[in-house]
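First comes the structure, then the notes that go with it.
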Amino acid sequence: MSGTFPPHALHDYALLADGERGALLGPDGAVGWLCAPCWHDDAVFASLIGGRGVYAVTPRARHVPGGYYEEGSLIWRSRWVTTEGVVECREALAFPGEPGRLVLLRQLHAVDGPAHVRVVLDPHGDYGRAPVTHRHRDEAGVWHLRTAGHRLRWQGAPHARTDGCGLVADLVLRPGQRHDLVLECADSPLPGTPPRARQTWAATEEAWRTAVPPLEHTIATRDARRAHAVLRGLTTHGGGMVAAATTSLPERAETGRNYDYRYVWIRDQSMAGQAAAAAGATELLDHAVRFVGERLLADGPGLAPAYTVHGTPVPDRRELDLPGYPDGFSRVGNRVGEQFQLDCFGEALLLFAAAERHGRLDADGWKAADLAVRAVAERWREPDCGIWELTPRKWTHSRLTCVAGLRALAAAARTHPLAEPCLRLADTVLDAVTATSVHPDGHWQRTPGDPAVDAALLLPAVRGALPADDPRTRATLAACRRALTQDHFVYRFRHDDRPLEEAEGAFVLCGFAMALAEHQQGDAVEAHRWFERNRGACGASGLYAEEFDIAQRQLRGNLPQAFVHAVLLETAVRLAGEPAARLAGKPGTRRPRGGTDPDPDPHGPRGPRGRERS
């Protein structure tokens, strides 16, 4: 049955998320991807990667699809213009989600004219490999199903007929009529009383109103609010934010680069927390500080680059033996746990510094910060896999990120006992990197032995490792512009002698980093050009993947990519204010030794409440 709902271009998908899990929704009204009860658990609907399982609401008449998010939320409105009229389906995962049970709300509305709609519910646990083993309809017309340990309860289609393992219902709505469908899924017995659609919708609407701040102090406010909603939707009650909702979506066609991103990357979560701090969104900031802090307190210098949302090790990679998304594979798990990534400690320090500026770094947070400082002191000389998760080398970006984090923490709490040791260690690391990793042309090079430039090297200066007017900062920006850009898109680095666009897609994170770097230099026009070009590298729903294929105007990689949304949010905040270099030069503003203030926060303290991965 699910074979009638093939995968779409990533550009066409929307995300429903409640913090604990997420669903990918296609333009045909088909939920083709949903893992339960948690992000990294087995999928119940897996048609996205070639497995069975789908939950679709689709007009019977010929139609043209569309849709949009309700402002400041992940409530999606599918909209179809049919030969009979206009049909909408309002869709959401009840928010905030419960850890062990999801509630998927779908409300049909015959907006203009009658609506003839076919509904298909065909769950298959274990990534589509386990059929329904139990199915019955109770006296109230509610369906109960089981598959691979999942218990499902479905309201709204009492007259559905069986079709193989699934259920099919043909609904007819009069002009103006609405109809609710409510699906629950849990790995334990469901509550005795099914949820009521009206009350659950009302609670979800109110929760989103509370979760997403107005962000009126940003440019592109609607996009900034959507980015915040995506980050919140990817963040669990325990504070962990998954890097993406999906697995096995290829980053570049025919290259075999596709991975499982349904885990929490320390770097990504730290970036999201820094963006939240810049925006004054303290809930997301607190989540990031709590999760990253707990992992540092538990593992110290042995901090892994990524964890499950429960704080446990990421399972090793394994194949599912499914067809996969076109030009991809079907694999789950990730080998990232075998890596050492030094820059994670620097990003964590930047996160803790941002929290301290808002008065939100508690005693445990300072203990975690102290452990991160000690880890940098112990391990900065070691080769690491770096931000792009490549062969272990002495990546310049990793070391400069640690310099930025150390300076930021010292600047955020000048009277704290850690301040002076942080500054001394930052000077030591910076001196060593300067001695080995400055290109003869004056820009930072990737490693002591690799003279090429890397777009990741734009970020440390933006974060305050060096002043905006430092010759190395300006030379690196110029080298990135010259070697790694095309049509105001940015590539990470050159893989070989091929044209940039033949090796991989443009990296959207790097495009926003370029905007931040230009803004730091005081060039508002160029900063906005980079921002606007990369802001347009999204899908129809406004979601961003990791890469953007310029030639085909298509998204590449897992969806949605959290760190892209994080840096979009941060850039929308920064570009609305003065560059850090200008603020650092104002009378009465103290600049940390060797760097600028990495976060001239518009609210002040206590303000308003990617990648070649393994």
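A few notes on this one:
- Selection from the stretch 359-372 of residues that are surrounded by fewer than 24 Cβ atoms within 10 Å (Cβ to Cβ) and closer than 29 Å to residue 448 by Cβ: 371
- Those residues of the stretch 516-560 which are polar (S, T, N, Q) and in contact with a Phe, Trp or Tyr (Cβ under 6 Å, 6 or more places away or on another chain), in sequence order: 534, 558
- Contact map, the stretch 442-453: first residue assigned by TED's automatic domain parsing to the domain that holds residue 496 and of a type in the set (S, T, N, Q), second residue at pLDDT 95 or above and part of a loop (DSSP other than H, G, I, E, B), Cβ cut-off under 7 Å, separation 6 or more or different chains; pairs are 445/439; 445/451; 445/452; 445/453; 447/394; 447/395.
- Within the stretch 495-542, being part of a loop (DSSP other than H, G, I, E, B), closer than 22 Å to residue 573 by Cβ and touching a strand residue (DSSP E or B) at 6+ places or on another chain (Cβ under 6 Å) holds for one residue alone: 537.
- Only one entry in 378, 356 is over 20 Å from residue 274 (Cβ atoms), acidic (Asp, Glu), surrounded by fewer than 24 Cβ atoms within 10 Å (Cβ to Cβ) and in contact with a helix residue (DSSP H, G or I) (Cβ under 6 Å, 6 or more places away or on another chain), namely 378.
- For the stretch 274-303, the set of residues classified as among the hydrophobic types (A, V, I, L, M, F, W, C) and over 18 Å from residue 563 (Cα atoms) consists of 296, 297, 298, 303, listed by residue number.
So that you can scan it fast, the table gives a plain yes or no per residue for (1) outside the structural domain of residue 174 (by TED's automatic domain parsing); (2) among the aliphatic types (A, V, I, L, M); (3) closer than 20 Å to residue 25 by Cα:
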position	(1), (2), (3)
81	no, yes, yes
92	no, yes, yes
97	no, no, yes
124	no, no, yes
159	no, no, no
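- Subset of the stretch 329-348 (residues that are under 20 Å from residue 562 (Cβ atoms) and part of a loop (DSSP other than H, G, I, E, B)): 333, 334, 339, 341
- Per the conditions (1) modelled with pLDDT of 95 or more; (2) in contact with an Asp or Glu (Cβ under 6 Å, 6 or more places away or on another chain), the sole criterion not satisfied by residue 550 is (1).
- Enumerated strands (runs of 3 or more DSSP E) restricted to the stretch 161-250, each holding at least 3 residues that are under 19 Å from residue 45 (Cα atoms): 166-173, 178-186
- Condition check for residue 270: among the small types (Gly, Ala, Ser) and modelled with pLDDT under 95: no
- Matching residues in the stretch 154-172 - criterion: being of a type in the set (Gly, Ala, Ser) and under 26 Å from residue 111 (Cβ atoms): 156, 157, 160, 169
- Residue check, residue 63 buried (at least 17 other Cβ atoms within 10 Å of the Cβ), out of contact with any Lys or Arg (no Cβ under 7 Å at 6 or more places or on another chain) and more than 28 Å from residue 128 (Cα to Cα): yes
- Subset of the stretch 432-473 (residues that are among the charged types (D, E, K, R) and more than 20 Å from residue 405 (Cα to Cα)): 441, 450
- All positions within the stretch 217-260 that are at pLDDT below 95 and charged (D, E, K, R): 251, 252, 254, 257, 260
- Residue within the stretch 174-184 that is assigned by TED's automatic domain parsing to the domain that holds residue 85, of a type outside the set (Lys, Arg) and under 22 Å from residue 4 (Cα atoms) present: yes
- Sole exception among (1) acidic (Asp, Glu); (2) surrounded by fewer than 21 Cβ atoms within 10 Å (Cβ to Cβ); (3) modelled with pLDDT of 95 or more for residue 338, by number: (3)
- Selection count where residues are at pLDDT below 95 and over 22 Å from the mean Cα position of the chain (by Cα), scope the stretch 86-99: 0
- Checking 481, 492 one by one, the residue that is touching a Cys at 6+ places or on another chain (Cβ under 7 Å), basic (Lys, Arg) and under 26 Å from residue 434 (Cα atoms) is 492 and no other.
- Residue 118 being buried (at least 19 other Cβ atoms within 10 Å of the Cβ), closer than 21 Å to residue 80 by Cα and basic (Lys, Arg): no
- Among residues of the stretch 382-404 that are under 17 Å from residue 491 (Cα atoms), those with a Cβ under 6 angstrom from a residue that is surrounded by 22 or more Cβ atoms within 10 Å (Cβ to Cβ) and at pLDDT below 95, sequence gap 6+ or separate chain, pair up as 388/611; 389/613.
Listed here are the residues, each with its yes/no results for (1) part of a helix (DSSP H, G or I); (2) surrounded by 23 or more Cβ atoms within 10 Å (Cβ to Cβ).
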| position | (1), (2) |
| --- | --- |
| 287 | yes, yes |
| 290 | yes, no |
| 298 | yes, no |
| 301 | yes, no |
| 316 | no, no |
| 326 | no, no |
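- One residue from 542, 536, 505 being buried (at least 24 other Cβ atoms within 10 Å of the Cβ) and either of a type in the set (Gly, Ala, Ser) or touching a Lys or Arg at 6+ places or on another chain (Cβ under 6 Å) (or both): 505
- Sole exception among (1) more than 22 Å from the chain's Cα centre (by Cα); (2) within 23 Å of residue 447 (Cβ to Cβ); (3) surrounded by 15 or more Cβ atoms within 10 Å (Cβ to Cβ) for residue 496, by number: (3)
- Filter result for residue 479 (crowded, with 20+ Cβ neighbours inside 10 Å and modelled with pLDDT of 95 or more): yes
- Just one residue in the set 452, 426 is touching a Lys or Arg at 6+ places or on another chain (Cβ under 8 Å), under 18 Å from residue 491 (Cβ atoms) and modelled with pLDDT of 95 or more; that residue is 452.
The values are calculated or read from the model by the stated rules, or taken from the named source; none is laboratory data. None of the values given here were measured: they were computed from a predicted structure. All Cβ positions, even for glycine, are placed from backbone atoms using ideal geometry, and neighbour counts span all protein chains on display.
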